Amino acid sequence: MTDTAPGPAISGTTRLYAVLGDPVAQVQSPGMLNPLFARLGIDAVLVPVHVTPADLETVLRGLQHVGNLDGLFVTVPHKAAAARLADRRSRTVDITGTANVLRREADGGWLAENFDGSGFVTGLEQAGHQVRGRRVALAGAGGAGSAIAAALLTAGVDRLAVTDPDGPRLAALVERLAEHWPGQVRAAAQPPLHDSDIAVNASPLGLNPGDPLPFRPDDLAAGGVVADIIMKPRDTPLLRQAAALGFDVHHGIHMLNGQVDAYRAFFGLH
């Protein structure tokens with residue numbers, strides 16, 4: 001027999017959290033937050049819920065009526081839809097149009113927030129990669145990409161170029177961002193790696209075997225950093241190729257690590 005760590009003690013008083021995604025097998029938040037609940041002595045559990053886009057509203061509305069469910073985490077591809085389904089939205093969600101977490105409020109309404117961007121920037125800086133004054137190429141204008149774009153601009157990047165195959169989505173994001181950071185953000189057909197210090201993949205490319213690279217890191221400026229928000233696999237094809245070329249690489253798990261304190265404050269986990 002082998003010793004295994006005990007799981008959370010589920011009882012009739014346990015508070016519930018769920019993370020919604022399609023797919024959901026790759027999510028890392030239960031493995032991070034359930035041990036946190038145990039360390040803090042909080043009677044709560046976070047569980048993954050696989051839900052397709054067609055069923056999202058039905059499932060989300062149903063979960064919001066579960067009396068002992070206090071919060072929802074949201075991953076690909078539901079972040080924009082979740083923002084629309086919330087009763088109230090933070091300033092970040094208003095700017096980005098996406099949410100990665102919803103909290104039940106005292107009046108029963110649901111507040112949407114997005115910590116992807118702030119978590120990504122915190123993770124970068126904790127790894128020694130400062131963003132102020134840097135030039136960044138960002139691939140992906142979806143749920144995580146929109147939040148990362150806003151957080152990078154808030155943190156003081158000099159210039160931000162965003163690419164996405166969905167032209168209308170890309171244009172809408174750049175227009176929203178330019179209202180707050182005029183002259184610092186632009187849409188690009190291809191990531192301008194030759195003129196960038198940091199290249200970021202905030203798209204789902206790399207999540208599934210056989211995905212094409214979101215961009216080829218070959219043209220990145222010498223001394224550049226390649227970051228990927230994909231958490232599983234840890235070493236994505238993009239990061240493996242970038243490391244082989246001698247660039248510093250930054251793994252997706254840092255973005256989640258950078259959000260833990262924000263989650264604790266948002267949900268009042270003490």
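The values are calculated or read from the model by the stated rules, or taken from the named source; none is laboratory data. Quantities reported herein were computed from a predicted structural model and do not represent experimental measurements. Because the Cβ atoms are built from the backbone with ideal geometry, glycine has one as well, and the counts that use them run over all protein chains shown.
Any idea which of Ala144, Ala127 is buried (at least 21 other Cβ atoms within 10 Å of the Cβ), in the same structural domain as Arg186 (by TED's automatic domain parsing) and touching a helix residue (DSSP H, G or I) at 6+ places or on another chain (Cβ under 7 Å)?
Residue meeting the stated conditions: Ala144.
Testing Asp158 on (1) buried (at least 18 other Cβ atoms within 10 Å of the Cβ); (2) free of Cβ contacts under 8 Å to residues at least 60 places away in the same chain; (3) in contact with a Lys or Arg (Cβ under 8 Å, 6 or more places away or on another chain); (4) charged (D, E, K, R), one condition comes back false. Which one is that?
(1)
Which residues, counting only those in region 22-44, are closer than 15 Å to His270 by Cα and of a type outside the set (Lys, Arg)?
So the first thing to find is which residues in region 22-44 are closer than 15 Å to His270 by Cα, and the list is 33-44.
Residues satisfying the conditions are Leu33, Asn34, Pro35, Leu36, Phe37, Ala38, Leu40, Gly41, Ile42, Asp43, Ala44.
Here are some conditions: (1) farther than 24 Å from Val24 by Cβ; (2) buried (at least 24 other Cβ atoms within 10 Å of the Cβ). Thr96 meets all but one. Which one does it not meet?
With (1) farther than 24 Å from Val24 by Cβ; (2) buried (at least 24 other Cβ atoms within 10 Å of the Cβ) applied to Thr96, the lone miss is (1).
Output the number of the condition that Asp166 fails; it satisfies all remaining conditions of (1) surrounded by 16 or more Cβ atoms within 10 Å (Cβ to Cβ); (2) closer than 24 Å to Ala83 by Cα; (3) among the acidic types (Asp, Glu).
Condition not satisfied by Asp166: (1).
Kindly indicate whether any position in region 100-109 is surrounded by fewer than 24 Cβ atoms within 10 Å (Cβ to Cβ), out of contact with any strand residue (DSSP E or B) (no Cβ under 8 Å at 6 or more places or on another chain) and of a type in the set (A, V, I, L, M, F, W, C).
Checked region 100-109: at least one residue is surrounded by fewer than 24 Cβ atoms within 10 Å (Cβ to Cβ), out of contact with any strand residue (DSSP E or B) (no Cβ under 8 Å at 6 or more places or on another chain) and of a type in the set (A, V, I, L, M, F, W, C).
Going by the conditions given, is Pro214 at pLDDT 95 or above and surrounded by 15 or more Cβ atoms within 10 Å (Cβ to Cβ)?
The answer is yes for Pro214.
Does Leu153 meet the test of being without any contact (Cβ under 8 Å) to a residue 40 or more places away in the chain and in a helix (DSSP H, G or I)?
Criteria met by Leu153.
Cβ-Cβ below 9 Å, separation at least six or inter-chain, first residue in region 70-82 and closer than 15 Å to Pro30 by Cα, second of a type in the set (Asp, Glu): which pairs?
Pairs that qualify, where the first residue is closer than 15 Å to Pro30 by Cα and the partner is of a type in the set (Asp, Glu), are Thr75/Asp22.
Would you call Leu138 at pLDDT 95 or above, crowded, with 20+ Cβ neighbours inside 10 Å, touching a strand residue (DSSP E or B) at 6+ places or on another chain (Cβ under 8 Å) and not small (Gly, Ala, Ser)? Before you say what the answer is, go through the steps one by one.
Numbers: at pLDDT 95 or above: yes; crowded, with 20+ Cβ neighbours inside 10 Å: yes; touching a strand residue (DSSP E or B) at 6+ places or on another chain (Cβ under 8 Å): yes; not small (Gly, Ala, Ser): yes.
When the stated conditions are applied, Leu138 passes them.
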